[in-house]
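The values are calculated or read from the model by the stated rules, or taken from the named source; none is laboratory data. What you see is a predicted model; the values in this text were computed from it and never measured. Every residue, glycine as well, gets a Cβ built from its backbone with ideal geometry; the counts of neighbours run over all protein chains shown.
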Amino acid sequence: MKAEEVLKRYRAGERNFRRVKLQGQSFKDEDLSGADFSEADIRGANFTKANLKGANFSHARAGLQRRWAIVLLIVSFLLSALLGIISLISGGLTAYFFSPEIVKQYNILPGVVFLVVIVVFFIIAIRQGLGAVA
């Protein structure tokens with residue numbers, strides 16, 4: 001059911017919207033106080049700043065729509081793969097800088113500098129991440 005239809009019926013005095021499919025509809029800044037949305041499908045519905053005082057959402061299906069959940073899974077997989085590649089590169093570079101040929105040619109200093117840079121980067125990244133959550 002479209003948001004316009006729900007609002008029209010609400011203004012006409014109807015409060016029973018049980019088992020109604022409201023996926024992706026927007027009720028932004030609307031007054032839906034006392035409405036019964038029991039067992040309704042409200043995935044992706046926007047109730048931002050809506051007056052929902054006394055509204056019943058028991059057993060309603062909420063959360064992301066299926067396509068957005070799939071998009072989030074794909075993005076998280078791609079980010080995970082990217083981080084795996086970055087870890088592979090940094091591990092390979094660390095092994096390279098500490099290989100006997102490089103140590104013999106340049107001494108151990110490039111390897112130590114590289115490790116210090118990586119450690120400082122991860123400390124800053126972790127502190128920024130933890131600070132953003134807190």
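Summary of values
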item: One residue from 40, 62 being buried (at least 16 other Cβ atoms within 10 Å of the Cβ) and either touching a residue at least 12 places away in the same chain (Cβ under 8 Å) or in contact with a Pro (Cβ under 6 Å, 6 or more places away or on another chain) (or both); result: 40
item: Among the residues listed as 104, 49, the single one being basic (Lys, Arg) and either modelled with pLDDT of 90 or more or in contact with a helix residue (DSSP H, G or I) (Cβ under 6 Å, 6 or more places away or on another chain) (or both); result: 49
item: In segment 18-37, residue surrounded by the fewest Cβ atoms within 10 Å (Cβ to Cβ) [restricted to those that are in contact with a Leu (Cβ under 9 Å, 6 or more places away or on another chain) and closer than 15 Å to residue 62 by Cα]; result: 27
item: Qualifying residue in segment 8-15 (condition: out of contact with any Gly (no Cβ under 8 Å at 6 or more places or on another chain), of a type in the set (Phe, Trp, Tyr), in a helix (DSSP H, G or I) and surrounded by 11 or more Cβ atoms within 10 Å (Cβ to Cβ)); result: yes
item: Single unsatisfied condition, residue 97 versus (1) in contact with a Pro (Cβ under 9 Å, 6 or more places away or on another chain); (2) not assigned by TED's automatic domain parsing to the domain that holds residue 117; result: (2)
item: Members of segment 22-70 that are of a type in the set (Ser, Thr, Tyr) and within 17 Å of residue 7 (Cβ to Cβ); result: 26, 33, 48
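Listed here are the residues, each with its yes/no results for (1) touching a strand residue (DSSP E or B) at 6+ places or on another chain (Cβ under 6 Å); (2) assigned to a helix (DSSP H, G or I); (3) of a type outside the set (Lys, Arg).
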| residue | (1), (2), (3) |
| --- | --- |
| 23 | yes, no, yes |
| 38 | yes, no, yes |
| 63 | no, no, yes |
| 78 | no, yes, yes |
| 89 | no, yes, yes |
| 103 | no, yes, yes |
| 118 | no, yes, yes |
| 127 | no, yes, no |
